[in-house]
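Asker: Okay, handing you the structure first.
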Amino acid sequence: MVMMARKKNGCFSDSLITSENVLEFVTKEGIDEAANSLKGVCNYTPMIEAPWLSKSINGKVYLKLENLQISGSFKVRGAYIKLNSLSDEEKQRGVITISAGNHAQGVAYHAQKLGISATIIMPEDTPIAKVERTRNYGASVILHGTNMTECRDFALQLIKKHHYTMVHPFDDPFIIMGHGTVALEMLKDVPDLDVLIVPIGGGGLAAGICVAAKAIKPNIHIVGIQSAYCPAVAQLLFPNTLPANSSVPIQTIAEGIAVKFPGELNLAILREHLDDLLIVDEHYFEEAIEELVVQSKVVSEGAGAAGVAALIYAPELFKEKNVGVIVGGGNIDSRLLSNILLKGMVQHGRLVRFKIEISDSPGILGKLTQIIGRNGGNIFEISHQRVFDHVGMKMAFVHAVVETRNAIHADEISKALFAGGFPARIIEE
């Protein structure tokens with residue numbers, strides 16, 4: 001890839017940036033300058049320890065809460081640096097980008113603040129909530145195509161027609177340097193970090209993190225995380241990490257890192273500086289989202305929870321280390337979050353379904369619910385079944401979904417029901 005870069009204050013001039021020379025332009029000094037530009041523009045997000053993760057590795061784990069960033073993700077950092085680099089003429093013509101989520105919102109937010117017209121091309125199946133959040137920041141949203149390739153091709157047509165400036169989602173030196181400011185803050189707040197765990201999709205965040213962190217602390221170990229759904233960087237740079245004969249999930253909740261074609265500039269930086277890469281299966285992302293809410297009261301989207309998913313998947317790789325994990329964003333659909341939390345309760349035995357045989361007579365249901373209540377169970381939902389189950393005409397089955405403390409508590413409730421004259425069993429499927 002070849003692109004033009006211009007910076008008004010002299011760091012860049014009209015120069016060709018390629019994968020061969022990108023590290024001459026994306027530097028620690030440039031990231032420092034980006035950090036100064038972001039003061040008062042983006043949040044300096046907190047680093048908090050996660051004791052439950054620290055215990056799992058017998059070390060220290062710190063979470064960088066970019067889910068608390070303006071617009072809910074780190075993407076606003078690079079978006080501002082890119083938009084602020086534009087000439088007055090480019091700002092006047094307006095900008096365009098392709099994105100189904102966080103980058104779209106970051107560009108829309110800062111474009112509105114800077115008085116720049118922004119057009120965002122999103123796939124037609126983008127969730128309504130993401131579309132509306134982007135529109136609420138003042139951008140013009142066009143739904144086109146079924147994937148990002150079709151969005152890109154349409155955006156290029158509009159660029160030819162209207163002379164917009166493209167704000168690439170990840171493969172741009174200004175985007176990379178803006179995202180690299182995350183590492184500056186992490187190492188300022190916790191200087192003795194041994195490891196940084198970084199989610200990788202298109203590679204813009206990871207590339208910026210690598211340049212900044214390695215300049216500050218050359219021996220720091222940087223580990224990239226990809227989903228088994230889309231391990232594009234692993235296929236190109238770390239093919240030895242690809243699991244043999246693994247089944248690829250049909251969909252992923254880590255859609256923010258499901259990028260099939262990572263940036264060429266980013267790949268060049270990662271080839272030089274990224275130390276390791278882990279591929280994590282889908283169910284670890286679900287568990288990470290759930291545990292972040294339950295244990296740390298932190299809301300994360302799937303891609304944002306990638307680092308935590310890696311620690312749950314392979315804690316032994318980080319034993320006795322000081323680990324920094326980026327929680328990249330918190331823009332998760334509320335229904336999806338609800339389903340993940342409920343599924344987690346089921347898996348941990350905190351939400352169980354009983355099938356209970358009762359006599360079909362007045363007052364019997366009240367007696368049953370009293371037993372559950374006396375034994376500390378909270379009835380989540382309950383239903384009668386008289387005709388579909390094989391049961392005598394004077395009998396019925398009750399299906400009761402009950403919240404419990406854990407699997408042992410659920411078993412105690414089951415025994416109490418039996419003792420009270422209600423044969424019950426826990427339905428696992």
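Residues checked against (1) modelled with pLDDT of 95 or more; (2) in a strand (DSSP E or B):
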residue: His179; (1), (2): yes, no
residue: Ile197; (1), (2): yes, yes
residue: Cys210; (1), (2): yes, no
residue: Gly224; (1), (2): yes, yes
residue: Val233; (1), (2): yes, no
residue: Pro249; (1), (2): no, no
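Asker: Report every pair of residues separated by at least 6 positions or lying on different chains whose Cβ atoms are under 8 Å apart, first residue within region 155-173 and on the phi > 0 side of the Ramachandran plot and touching a residue at least 12 places away in the same chain (Cβ under 8 Å), second assigned to a helix (DSSP H, G or I) and of a type in the set (D, E, K, R).
Answerer: These pairs meet every condition: His163/Arg93.
Asker: Within region 93-105, is there a residue that is at pLDDT 95 or above and among the basic types (Lys, Arg)?
Answerer: Within region 93-105, one or more residues are at pLDDT 95 or above and among the basic types (Lys, Arg).
Asker: Here is a further query. Is it the case that Ala79 is touching a residue at least 60 places away in the same chain (Cβ under 8 Å), over 24 Å from Ile31 (Cβ atoms) and either of a type in the set (A, V, I, L, M) or in the same structural domain as Lys160 (by TED's automatic domain parsing) (or both)?
Answerer: No: the conditions fail for Ala79.
Asker: So, in region 97-149, of the ones that are touching an Asp or Glu at 6+ places or on another chain (Cβ under 9 Å) and in a helix (DSSP H, G or I), which residue ends up nearest to Lys75 (Cα to Cα)?
Answerer: Asn102
Asker: At least 2 residues that are within 30 Å of Lys214 (Cα to Cα) in each: list the helices (runs of 4 or more DSSP H) lying fully within region 266-369 that qualify.
Answerer: 282-296, 306-313
Asker: Just to be sure I understand, how many residues within region 418-429 are in contact with a helix residue (DSSP H, G or I) (Cβ under 9 Å, 6 or more places away or on another chain) and closer than 16 Å to Phe380 by Cβ?
Answerer: Qualifying residue count for the region: 2.
Asker: Looking at Lys60, Lys55, Lys64, which is the one that is buried (at least 23 other Cβ atoms within 10 Å of the Cβ), assigned by TED's automatic domain parsing to the domain that holds Val327 and of a type in the set (D, E, K, R)?
Answerer: Only one candidate passes the filter, namely Lys64.
The values are calculated or read from the model by the stated rules, or taken from the named source; none is laboratory data. Keep in mind that what you see is a predicted model, and the values were worked out from it rather than measured. Quick reminder, even Gly has a Cβ in these numbers, built from the backbone with ideal geometry, and neighbours come from all protein chains shown.
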